[in-house]
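Please treat every number below as a calculation from the coordinates, not as lab data. Computed from a predicted model, the values in this text were never measured in an experiment. Neighbour counts are summed over all protein chains in view; Cβ atoms, including those assigned to glycine, are modelled from backbone coordinates with ideal geometry.
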């Protein structure tokens, strides 16, 4: 059965709370509403939208390919272990970052 409560939680976080947090963090870090990235300057809310759109595009392209591989080979558990380990390895450096004061 589909987990409706989990979907609503993710929807609320990604569309309501995190954009406000991201705008506050980038404004306190750069002192204005523009963020430099790769030699260009973006408005902080537009940068969040671009990042989210890029992530969803990657998901839309890779999900059918990866799920068909996992279904045909029957190694769904190994796929999950790999991607959980991948995420943990790439997320651990962010625990050492010091967030700027928002208040």
What FRET efficiency would be calculated for the residue pair residue 83, residue 46, taking the C-beta separation as r and a Förster radius of 30 Å, to the nearest 0.05? 0.55
For the stretch 4-96, divide the Cα radius of gyration by the Kirkwood radius and give the resulting Rg/Rh value with two decimals. 1.06
Within the stretch 70-91, find all residues whose amide N lies under 12 Å from a label point positioned 7 Å from the Cα of residue 38 along Cα-to-beta-carbon. none
